[in-house]
Amino acid sequence: MTTEVNNLVQTRIPTNYGEFVLHYFSNTLDNKEHIAFVFGDVVQKSKAPVRIHSECFTGDVLGSRRCDCGDQLDKALQLISEYGRGVLVYLRQEGRGIGLLKKLQAYNLQDEGMDTVDANLHLGHLPDEREYTIAALILENLQVTSIQLITNNPNKIEQLQSLGVKVEGRIAIEIESNCDNRAYLQTKAHKMDHLISKENT
């Protein structure tokens, strides 16, 4: 069965970084509410700055310092605004795809000494179970010609390219590490090949 998305609602959202338009998508793959936050004119535009951001309730909403997700979300909106156009696709795939319950269980394992990769494996999951079919279809629906991906994750670029997204560049999105997330960032750099500078690991 071919996956389809449907752009059901668009509404104006004023933010600290200017006025965005929020697009609500239904889809035939899952029952989750995936959205796109669009700034400026992206229709038929090339090299549009795009952030594919996977949901992180603890970081995005609660401001957890265990990860860099919430700060990356805020920074991505700022970058898109500064470029004058772009898209933030917000995918509902919590905890690198393992869900909130398993993510919180993984946190407890990390407090006992495991890193984020080993904790996921211990719980019977892959280190990263995210996939980006919905994101690719959303970008197609928005008629974005090509993108500059706001990411530190080369695997995300490869997955999007395999799904037909034309990625013409990468925009780094590093957040200064702290005592609570430094080991997490080290693991992302050393075990998951994320492009993070030595100063942050």
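The values are calculated or read from the model by the stated rules, or taken from the named source; none is laboratory data. All values reported here derive from a predicted model rather than from experimental measurement. When we count neighbours, we look across all protein chains shown, and the Cβ atoms used for this are built from the backbone with ideal geometry, even at glycine. Accessible surface areas use protein heavy atoms only, side chains included; no ligands, DNA or RNA. Shrake-Rupley method; radii C 1.70, N 1.55, O 1.52, S 1.80 Å.
Just a few scattered comments:
- Condition broken by V117, with the remaining ones in (1) among the β-branched types (V, I, T); (2) at pLDDT 95 or above; (3) over 24 Å from Y24 (Cβ atoms) satisfied: (2)
- Residue, farthest from K32 (Cα to Cα), within region 93-141, restricted to residues that are part of a helix (DSSP H, G or I), among the aliphatic types (A, V, I, L, M) and open to solvent by 30 Å² or more (accessible area, probe 1.4 Å): L121
- Looking only at residues in region 28-42 that are modelled with pLDDT of 95 or more and out of contact with any helix residue (DSSP H, G or I) (no Cβ under 6 Å at 6 or more places or on another chain), the one that is farthest from N141 (Cα to Cα) is G40.
- Whichever residue in region 142-172 is among the aliphatic types (A, V, I, L, M) and open to solvent by less than 10 Å² (accessible area, probe 1.4 Å) and, among such residues, is nearest to Q44 (Cα to Cα): I147
- Residue count for region 50-70 satisfying the condition of being touching a Gly at 6+ places or on another chain (Cβ under 8 Å), touching a residue at least 40 places away in the same chain (Cβ under 8 Å) and not polar (S, T, N, Q): 5.
- Selected residue (criterion: nearest to A172 (Cα to Cα)) from residues of region 1-27 that are touching a helix residue (DSSP H, G or I) at 6+ places or on another chain (Cβ under 8 Å) and not polar (S, T, N, Q): Y17
- Region 1-70 holds strands (runs of 3 or more DSSP E) entirely within its bounds, and those carrying 2 or more residues that are surrounded by fewer than 12 Cβ atoms within 10 Å (Cβ to Cβ) map to 5-15.
- Boolean, A76 is modelled with pLDDT of 95 or more and open to solvent by less than 20 Å² (accessible area, probe 1.4 Å): yes
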